[in-house]
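Remarks on the structure that follows.
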Amino acid sequence: MGSITLKQVTKNFDEVNVIKPLDLEIRDGEFIVFVGPSGCGKSTLLRMIAGLEDTTSGNIDIDGQDATSTPPAKRGLAMVFQSYALYPHMSVRNNIAFPLKRAKVPAAEIEQKIASAAKILNLGDYLDRKPGQLSGGQRQRVAIGRAIVRQPSAFLFDEPLSNLDASLRVNMRLEISELHKSLKTTMIYVTHDQVEAMTMADRIAVFNAGIIEQVGTPLELYQHPVNRFVAGFIGSPKMNFIELKQTKEDGATCLGVRPEHFQITTDAGIWSGKVGVVEHLGSETFLHVQVDGIGTLTVKANGDCPLSYGDDISLSADQSKILRFNDQGITLPSKGNQ
Amino acid sequence: MATTHSRTLAQFMLFPSVVLLLAWMIVPLCMTLYFSFLDYNLLSPGTEEFIGFLNYEFFLTDPAFFESFFNTLLLVGGVLLITICGGIGLAILLDQAIWGRNYVRIMVLAPFFVMPTVSALVWKNMLMNPVNGLFAHFATFIGVDPVDFFAQIPLLSIIIIVSWQWLPFAALILLTAIQSLDREQLEAADLDGAGPFSKFFYIVLPHLSRAITAVILIETIFLLSIFAEILVTTSGGPGYESTNITYLIYTQSLLQFDVGGGSAGGIIAVIIANIVAIFLMRLIGKNLEG
Ligand SMILES: Nc1ncnc2c1ncn2[C@@H]1O[C@H](COP(=O)(O)OP(=O)(O)OP(=O)(O)O)[C@@H](O)[C@H]1O
Ligand SMILES: [Mg+2]
């Protein structure tokens, strides 16, 4: 069991409002990712769910029980911190055993749980070392090990991979995803890396300045963002926004085109411009195209794209893939569906 | 700047100050060592003669030596116990978000700036005086006989005075150590179901071990040579009840004018201090490593 329901939850830090009234339903067993720009309140909300931060108003229900003022230890949740928060003077074994000892679990059972956690996370060789003698990735595994032995009803992760180097991050990402598949426990995962969000999540909640802009599966957010903020936040490189000179009959003031939805044409397309910087990544190429009256557009092309700096280029795009926003930034129904 | 050349130059430039410092230490030490082998009394000048280890024999077989040796240990141990325990308590209190915390911190530090003689006199005349002292007034107020601190419990009284002086030092060092504790560790412990006591014993205390070691080592060095507090309060009495080694050397060499005996005592004090230092480093020194 691990369903969490937030009802009209708010948070103020001395008069400063950080979380606006917010509703969210987290289903049992799902992997939900909180993304959003820095300072938008993701960590704060996670800490409120964990019980480390008081809730100013509203309710947090865990498994249908009101847990708004339950102390952290009684909520049955486990958290993995960005700094890992391992106890530096205890061996890995004792770090993992700490929550079990506090819960007065019999010694034999503790031994057995440590052994199984060590097996899942490949910690066998390090059990008697101190955290200071481990690498970042190993520390991360110990922190996860300390969380899983408690068999919590949900795991909370606050940017757990942000201290790791790029390749290790990819590995750990896979390991956490696999862990979720095998444990089938609810996981709430905070990150501002959108690749992590897209690849790991069952559902993503996009935060902006204390509110949730949209909740949905990664593809829903990519294909049908409800507004300009979500459209710009999900997808890499960022979506191109093209302001229109005059408002269209349906109220559209701005078009949104993802770099991968442009087509480079030789005959006159919709937009024409000059190629600026060209970034060759091998499998694909990003062109920064200067278009008069619009600005720079980012265009994704094939890896063997022959264009280079200063070339003239003409662009078009599939009408059904172009998003249209009104002056409030709300997404309008796309032409293709009309 | 780590080439061989620059290092040689640096060593060469350091040479004069090292020599000066060494001379500063070595000359008095050698003179003390020399005097300790002489029959040298200021009352009969000009009759110095070499007497071998006789001074040491007299000093070590004097019953006063053993009493003052144990008094020294009790004094150091007692003050360490009080200042460490009290210091941890104070540090935890001062770490809480209380109103006017910064002023309270400065006030807590105040006793450390009061000269030992002055603070001992204040305690002697204003607080512990059996007739006029605050404690005596308080005792009569609640209807018990006032304690004559320096006659009945002289050593304990001195331990209390010295502890009062050193408590702020311990509290301040421990406070900075507590403040350097990663808050996320405490939050993780919260989630792991640790209560206040578990958090204190498993997280806070191990984190403080290094600072506690530093406090013990620093305080021990100073506490071995407590003198002014004894001189102005009990003068080592009654009998030898509040005499420590330092004070015993003083009575030997300056009250009995026996320079030879006093010097022997001084050398013994140096040896004791080194034994204590080695013992402490063995016991807790590993806490200071990385
Ligand atoms: N203890 C606090 N007191 C006052 N304001 C705080 C406190 N903690 C956080 N805030 C404020 O609340 C806002 C949200 O902070 P939060 O840590 O939740 O951001 P975040 O979304 O996790 O950002 P990041 O991605 O950078 O970690 C920030 O504007 C921050 O300044
Ligand atoms: Mg954060």
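Bear in mind that the values in this text are calculations on the coordinates, not laboratory data. Quick caveat: nothing in here was measured; it's all calculated off a predicted structure. Quick reminder, even Gly has a Cβ in these numbers, built from the backbone with ideal geometry, and neighbours come from all protein chains shown.
With a 10 Å cut-off between alpha carbons and a GNM built on chain B, which of B:T47, B:T72, B:T234 moves the most?
Residue with maximal mean-square fluctuation among B:T47, B:T72, B:T234: B:T47.
So what's the back-of-envelope 222 nm ellipticity for chain B, counting only DSSP H runs of four-plus at -39500 (n - 2.57) apiece and dividing by all residues, rounded to 500? All intermediate terms of the calculation are to be shown ahead of the outcome.
Numbers: 13 runs with 193 residues, N = 290.
Calculated at 222 nm, the ellipticity per residue is -21500 deg cm²/dmol.
Would you calculate, for chain A, the mean residue ellipticity at 222 nm contributed by helices, counting each DSSP H stretch of 4 or more residues as -39,500 (n - 2.57) and dividing by all residues, to the nearest 500?
The helix-only estimate for chain A comes to -7500 deg cm²/dmol at 222 nm.
How would the range A:238-337 be classified by its alpha-carbon gyration tensor: rounded, prolate or oblate, with rounded meaning a/c under 1.5 and the a/b versus b/c comparison settling the rest?
Working: a/c = 2.19, a/b = 1.86, b/c = 1.18.
Cα axes put the range A:238-337 in the prolate bin.
How large is ³J(HN,Hα), in whole Hz, for each residue of the range A:153-163 in order, when computed from phi with the Karplus curve 6.51 cos²θ - 1.76 cosθ + 1.60 and θ = phi - 60°, using x for Gly and Pro?
7, 7, 9, 10, 10, 10, 6, x, 9, 6, 8
What chymotrypsin sites (Phe, Trp or Tyr not before Pro) in the range B:171-244 are in a loop by DSSP, with at most 16 other Cβ atoms within 10 Å of the Cβ? List each step's numbers first, then the result.
Working: sites: B:F197, B:F200, B:F201, B:Y202, B:F222, B:F227, B:Y240; in loops: B:F227, B:Y240.
Within the range B:171-244, the qualifying chymotrypsin sites (Phe, Trp or Tyr not before Pro) (loop, at most 16 other Cβ atoms within 10 Å) are B:F227.
Report the net charge of residues surrounding A:S283, where surrounding means a beta-carbon distance below 15 angstrom and charges are Lys +1, Arg +1, Asp -1, Glu -1. Spell out each step's value before the answer.
Values: positive: A:K300; negative: A:E260, A:E279, A:E284, A:D304.
Surrounding charge for A:S283 is -3.
When the Karplus curve 6.51 cos²θ - 1.76 cosθ + 1.60 is applied with θ = phi - 60°, which whole-Hz ³J(HN,Hα) does each residue of the range A:258-274 get, with x for Gly and Pro?
Each residue of the range A:258-274 in turn: 6, x, 7, 9, 7, 10, 8, 10, 8, 6, 4, x, 7, 10, 10, x, 10 Hz.
Considering only the other residues whose Cβ falls under 10 Å of the Cβ of B:D39, what net charge follows from Lys and Arg at +1 and Asp and Glu at -1? Walk me through the numbers on the way to the answer.
Values: positive: none; negative: B:E48, B:E49, B:D258.
Value of the local net charge: -3.
Mind ranking A:229-237, B:38-46 by how tightly packed they are, going by the mean number of other C-beta atoms within 10 angstrom, highest first? Mind showing how you got there, number by number?
On the way: A:229-237: 19.3, B:38-46: 13.0.
My ranking of the peptides, most packed first, is A:229-237, B:38-46.
Per-residue mean of other chain beta-carbon atoms within 10 angstrom of the beta-carbon, peptide A:80-88? Walk me through the numbers on the way to the answer.
Working: counts 1, 6, 1, 5, 4, 10, 4, 9, 5.
Shielding by partners across A:80-88 averages 5.
Using the Cα gyration tensor of chain B, with a ≥ b ≥ c the square roots of its eigenvalues, what is the shape: rounded (a/c below 1.5), prolate (a/b larger than b/c) or oblate (neither)?
oblate
Non-local amide H neighbours of A:N240 (under 5 Å, H modeled in plane, Pro and chain starts lacking H): which ones?
A:V257, A:R258
So which helices of chain B fit the span-like rule, where a helix is a whole DSSP H run, its Cα atoms reach 27 Å or more along the axis, and its mean Kyte-Doolittle is at least 1.0? Please list the in-between numbers first.
Working: long enough: B:4-35 (44 Å, 1.36); B:63-95 (47 Å, 1.75); B:154-179 (37 Å, 1.84); B:259-284 (37 Å, 2.03).
Once both thresholds are applied, what remains is B:4-35, B:63-95, B:154-179, B:259-284.
Quick one: which residues, 5+ away or cross-chain, put their amide H under 5 Å from the amide H of A:Q214? H built at 1.01 Å from N.
A:V206
Under 5 Å between amide H atoms, partner at least 5 residues away or on a different chain: which partners does A:A252 have, H built in plane at 1.01 Å?
Under 5 Å from the amide H of A:A252 lies no amide H from a residue far enough along the sequence or on another chain.
Which net charge results when you count Lys and Arg as +1 and Asp and Glu as -1 among the other residues whose beta-carbon is under 9 Å from that of A:K42?
Details: positive: none; negative: A:D158, A:E159.
Around A:K42, the surrounding residues sum to -2.
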